[in-house]
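Here the structure is laid out as structure tokens; the discussion comes afterwards.
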Amino acid sequence: MGEEKAKSGQGGMFSDKSGNQLPLAMQYDYTNFYFGAGDDAFAMLEPFDEWWKDSKPSGYYLYGLPMQGAPTTRVDIRNTKTNEIHTDLLNFASYNYLGLSYRPEVKEAVIEAVGRYGNGASGSPILSGSLEIHHELSDRLAEFKGKEAVLLFPTGYSVNVGVISGLMRSGDLIVADQYAHASLVDGMILSKANSRFFRHNKVDDLERKLKRYEGKKLVLIEGVYSMDGDVAVVPDIVEVCQRYGARILIDEAHSTFIYGKNGRGVAEHFGYDDEIDMHVGTFSKSLGGQGGFVAGSQKLINYLRGFSRSRTFSCGLSPVVAAGILKALEIFLEEPELRTKLWHNVDYMQKRLRDAGVSVGDSESQVIPLMVRDDARIFEIGEALMGEGIYLNPIKYPAVPKHRSRFRMSISAAHSREELEEGARIITSVLQRYGICPETEGTITSTTG
């Protein structure tokens, strides 16, 4: 969208099949405002603002709605469009896969840490921002992951950015799955290495990319893919990488503490824990905290400690958060039934939705995409879901490809069977109303009791 058209009010040039002029919100998206003409860095602000004033009330307001309490299975949300509070919504938007963020023991550990440490680390990890509790957390995680060492980062995003750009250089080759998370992509960009993508989980395409190149090579994959809920084909990827001398980084943000015999992740699930060079995990998904880590050899961690700029030049992880994570990790290790309950919930919800004709793609995890594939109506459907009592986030381009819009559903061990049943019934009803899934004999009715 050009500045001149926006300023002159000529942006609304597209029409629907009936000849009705479409609002700006349906003509453009964020990608139209990435580049702008002229010499002023602020030149794009005015046309973007014109689009935003139309787009936010048309549906973009559904992002970042203020939650009124902890991310439990039922939440109160303030609607920033109407300012009304939607109460007792079924929460399928928050990660918190094991329901640990608000456990009383975790909150007590946080309160105790505040009394001892205060609020933040007040320094970079390599200077004054390294506290004893950070070392304790690193050691506990290394033991849990079965690796020589762990390096902590203030966010999951900063792990991937710091590790990739800290290790790879101009002239090296990085090949990532096409569905790789933005943090992996940004790490590729910052490294200035030659960056390529292979088709999602297509090992033959990965092989074509690797065999053309002589030199340092790194392959980036995820354990569970965050928008589709499917799993990396780890055995095949490891075999190809070993054949061509490529190192592997696996981002287990959505699979650490969930997959594998001990909960170490998808790599352990397939029995390839030792064949993966770098294991990345986060604390915001299953443990309900914040921050991230990379696990690997001691030599790797020593090197990254010196070259991961996103860690070196950030404040250290809050000791208060670290205390909560330690307690959550302790509960996870002591209560394996949490994972069992989670998988029972996942299996139940997946079956209920599939039986009702709801498309959930190739998901086989607690991340369940509700495939709408209707970019124009995704926000309207989101409003309908909220009106019926469901809190879910709409996902559309550029977060996913065009015409692949969806709602991303997160299942938790804390969800009761009654909540899952209610959620499946409402979701199916709304999607049927919009013609997204068929009205069939598989329509969900209550089976509780």
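The values are calculated or read from the model by the stated rules, or taken from the named source; none is laboratory data. All values derive from a computational prediction rather than experimental measurement. Don't worry about glycine lacking a Cβ; one is built from the backbone with ideal geometry, like all the others, and counts go over all protein chains shown.
Miscellaneous remarks
- Identity of the residue in the stretch 219-239, among the acidic types (Asp, Glu) and buried (at least 24 other Cβ atoms within 10 Å of the Cβ), that ends up farthest from Ser165 (Cα to Cα): Asp228
- Residue in the stretch 198-218 that is buried (at least 21 other Cβ atoms within 10 Å of the Cβ) and touching a residue at least 40 places away in the same chain (Cβ under 8 Å) present: yes
- Filtered residues of the stretch 353-379 (kept if out of contact with any Asp or Glu (no Cβ under 9 Å at 6 or more places or on another chain), farther than 14 Å from Arg408 by Cα and modelled with pLDDT of 95 or more): Arg354, Asp355, Ala356
- Exactly one residue out of Glu136, Glu148 is farther than 17 Å from Leu300 by Cβ, of a type outside the set (A, V, I, L, M, F, W, C), assigned by TED's automatic domain parsing to the domain that holds Arg311 and surrounded by fewer than 20 Cβ atoms within 10 Å (Cβ to Cβ), and it is Glu136.
- For the stretch 151-196, the tally of residues that are within 19 Å of Pro235 (Cα to Cα) and either under 19 Å from the mean Cα position of the chain (by Cα) or among the charged types (D, E, K, R) (or both) stands at 5.
- Filtered residues of the stretch 31-56 (kept if surrounded by fewer than 15 Cβ atoms within 10 Å (Cβ to Cβ) and in contact (Cβ under 8 Å) with a residue 24 or more places away in the chain): Thr31, Ala37, Gly38, Ala43, Glu46
- The listed residues are Val150, Val163, and the only one of them that is closer than 26 Å to Val231 by Cβ, touching a Phe, Trp or Tyr at 6+ places or on another chain (Cβ under 7 Å) and in contact (Cβ under 8 Å) with a residue 60 or more places away in the chain turns out to be Val150.
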